[in-house]
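No value in this document is a laboratory result; all are computed from the given coordinates. Not measured: the values here are computed from a predicted model. We place every Cβ from the backbone using ideal geometry, glycine too, and count neighbours over all the protein chains shown.
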Amino acid sequence: MREVEIKAVFFDVGETLINEGRIYDAWADWLGVPRHTFHAVLGGVIARGEPHMAVFEHFRPGFDLAAEEEARRAAGVPNGFDERDLYPDARRCLAALRRHGYVVGVAGNQPAEAAARFAALGLETDLAAMSAEWGVEKPSPAFFARLCQEAGLPAAEILYVGDRVDNDIVPAAAAGLRTAFLLRGPWAHVQALTPLPTPPTHTLVDLDALTALLTTP
Ligand SMILES: [Mg+2]
């Protein structure tokens, strides 16, 4: 059923548009941890509701992200996403929604340098912003207030698409936005094992399903 009252669709970044698998593989390799083990420990971190950095702390107590990122740059294996990491449905979904007249935005919890990486992907968006640029991050209500302000629309006319219950679905719904829970990536699959505290407006397996939902008459 088409949600005709939705005027804007805003997307999270990690595991919504970007597949972070290669990024975590690269960190496992950098730390000398078997990938399978690294990913499994990340699953435990997610299940316990801990921040993702806890997986680094587990294998390397005192882990200094900035120092390690600098060392990776120097070694020619920099951290961060690029074109290879884009989920195959992301580009066509954003393009289709814009073609159908939706305002398309991207707003995720990302460091400031992610803005340039994201811009380099050349996706069709009306607005793309990272939390570090705004100085507020999910799940803060201020993040979603800023998003509505940037969109110039009331919260009820905005659909937020994300893979995390705690950072995307619950706080977006609390701010009055519609929500689409994207059931992909480790956070979505682990967090969906327990009943969601706030039912999402929609639950979708991929972004092609979102396109179909919003563009099928
Ligand atoms: Mg995400």
* To do: Please give the calculated 222 nm ellipticity per residue for the chain, where each DSSP H segment of at least 4 residues contributes -39500 (n - 2.57) and the sum is spread over every residue; nearest 500 deg cm²/dmol?
  => -12000 deg cm²/dmol
* To do: Could you tell me the distance between the Cα centroids of segment 21-87 and segment 118-189, to the nearest Å?
  => 23
* To do: Using the Karplus curve 6.51 cos²θ - 1.76 cosθ + 1.60 with θ = phi - 60°, work out ³J(HN,Hα) for each residue of segment 194-199 in order, rounded to whole Hz, and write x for Gly and Pro.
  => 10, x, 6, x, 10, x
* **the chain: relative contact order as a whole-number percent, Cα under 8 Å and 6+ apart** => 26
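What size of dipole, in debye to the nearest 20, comes out for segment 21-74 about its Cα centre when the only charges are +1 on Lys and Arg C-beta atoms and -1 on Asp and Glu C-beta atoms?
180
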* **Under Karplus coefficients 6.51, -1.76 and 1.60, residue-wise ³J(HN,Hα) of segment 80-86 in Hz, glycine/proline x** => x, 9, 8, 3, 4, 8, 5
* Structure fact -> Given backbone amide H placed at 1.01 Å from N, residues whose amide H is under 5 Å from that of Val103, ignoring those fewer than 5 places away on the same chain, are Ala8, Val9
* Between Gly32, Gly108, Gly185, which gets the highest mean-square fluctuation from a Gaussian network model of the chain, Cα cutoff 10 Å? -> Gly32
* Structure fact -> Counting as exposed only trypsin sites (Lys or Arg not before Pro) in DSSP loop states with no more than 15 other Cβ atoms inside 10 Å, the longest exposed-site-free span of the chain is 49-217
* Which value in nm describes the separation of the simple spin-label points at Ile23 and Ala174, placed 7 Å from the Cα toward the beta carbon? -> 2.3
* Asked: Taking θ as phi - 60°, what are the ³J(HN,Hα) couplings along segment 146-155 by the Karplus curve (6.51, -1.76, 1.60), each to the nearest whole Hz, with x for Gly and Pro?
  -> 5, 4, 5, 5, 5, 6, x, 9, x, 3
* Nitroxide proxy distance, nm - points 7 Å out along Cα→Cβ at His36 and Glu68 -> 2.2
